[in-house]
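Single-structure report; data block below.
Values in this text are rule-based calculations from the coordinates and carry no lab data. Note that the coordinates shown come from a computational prediction; the quantities given were computed from them, not determined experimentally. Neighbour counts are summed over all protein chains in view; Cβ atoms, including those assigned to glycine, are modelled from backbone coordinates with ideal geometry.
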Amino acid sequence: MIPVTIGVATTGRASVLRQMLDHLSTLSDLPDKVVLSIATPDDFEGPAPDDMPFEMVVLTSPKGSSAQRNTILKQAVDGEIVLFLDDDFLIMDGYVTELRRVFGQDPSILIATGHVLADGARGPGLTFSEARNILRQANGPQSAQPVGTRSGYGCNMAVRVTAPPELFDETLPLYGWLEDLDLSRRVSRRGRVVRADGLQGVHLGVKRGRTSGVRLGYSQIANPVYMLGKGTLGWRHALRLMSRNIAANMFGAIKPPPYLDRRGRLKGNLIALGDVLRRRSDPNRILELH
């Protein structure tokens, strides 16, 4: 049986993580292991690993989604499946079983992403009770042939570990905007990246603990420009991503919703565009912004 590890890179949301772990413990098809990658001791408040129905390991890493996920990958073994979940993503019962089936049927599959039944990241967010109701009302995982896709969605993205493992790019710091796309494009050069609709879950889209609006806005421009330079993003796709975000932030800044800092994001967009024109654009510049 293919070993499955759930990896969670988390910081600043200990209470959210605890609820997510409580949910995982109720599943009938448990992962072999859960590995948490935290940035500070305050990022994890339990439950104790010995109280969980699966092996649980807590690792400390430099802060940032790419760095924290790489800490998980570096301790994985060749052939293992690491399912990266956001700390606010709840998988449906049967997800792990279906994940083993998807990867077991085709050795060329290196990344698989699932079907998000509801995505609170696109709105004000969902509560845990709302997410659990959505999971209860859904039909459950249905085996279906995976189809090719451009990228895994980082909130639920499974990676077949190779030796040495393909790592996330730590030049994309903190929230790591587009780090899932960057890894997917590199991996696609030697294997398949697929979407499997039998892998179902709900993304709560919890807002607290996220990168500031200015920093995210800067990343929305600087990260695609950086990926253009390294060849993991084409001009057409990059321009579409950047123009879509700039337009959304411009219109959203007129009357911003309370759960999105559109004005901060627009400010970050403008700072990044200025840096691009001056040829000093760098994803790591967000570390200087607030």
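Listed values, structure above:
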quantity: Amide H contacts under 5 Å for F84, placed H, 5+ residues apart; calculated: G7, M157, A158, V159
quantity: In sequence order, calculated HN-Hα J values of region 83-95 (Karplus, 6.51, -1.76, 1.60; Hz; x Gly/Pro); calculated: 9, 7, 10, 5, 5, 10, 10, 10, 8, 7, 4, x, 4
quantity: Two-decimal log10 I(q)/I(0) for region 1-54, as the Debye equation yields it once each C-alpha is a single scatterer, q = 0.23 Å⁻¹; calculated: -0.91
quantity: Evaluated over region 221-279, the Cα radius of gyration and Dmax, each in Å; calculated: 12.4, 37
quantity: Interchain or long-range residues, amide H under 5 Å from Q200's placed H; calculated: M92, H115
quantity: Principal-axis tilt of helix 262-277 within the chain, Cα atoms, nearest 10 degrees; calculated: 70
quantity: Region 143-194: GluC sites (Glu not before Pro) falling in loop per DSSP and having at most 13 other Cβ within 10 Å; calculated: none
quantity: Residue of N245, N70, N223 that the Gaussian network model of the chain assigns the largest fluctuation, springs spanning Cα pairs under 10 Å; calculated: N245
quantity: Cα-based helix-to-principal-axis angle, 14-24 vs the chain, degrees rounded to 10; calculated: 40
quantity: Distribution of pairwise C-alpha distances over region 1-140, 10 Å bins, in %; calculated: 11, 42, 38, 9, 0
quantity: Within region 189-290, trypsin sites (Lys or Arg not before Pro) in DSSP loop having at most 12 other beta-carbon neighbours inside 10 Å; calculated: R189, R190, R208, R278, R279, R280
quantity: Prolate/oblate/rounded label for region 42-96 (Cα gyration tensor, a/c 1.5); calculated: rounded
quantity: Between 0 and 90°, nearest 10: helix 128-137 axis offset from the chain longest Cα axis; calculated: 60
quantity: Distance cut-off 27 Å, percentage of C-alpha pairs in the chain lying past it; calculated: 40
quantity: Vicinal HN-Hα couplings computed from phi for region 195-206 (Karplus, 6.51 cos²θ - 1.76 cosθ + 1.60; Hz; Gly/Pro x); calculated: 10, 10, 6, x, 8, 10, x, 10, 9, 5, x, 4
quantity: Value of Rg to Rh for region 57-163 (Rh from inverse mean 1/r over Cα pairs, i.e. Kirkwood); calculated: 0.97
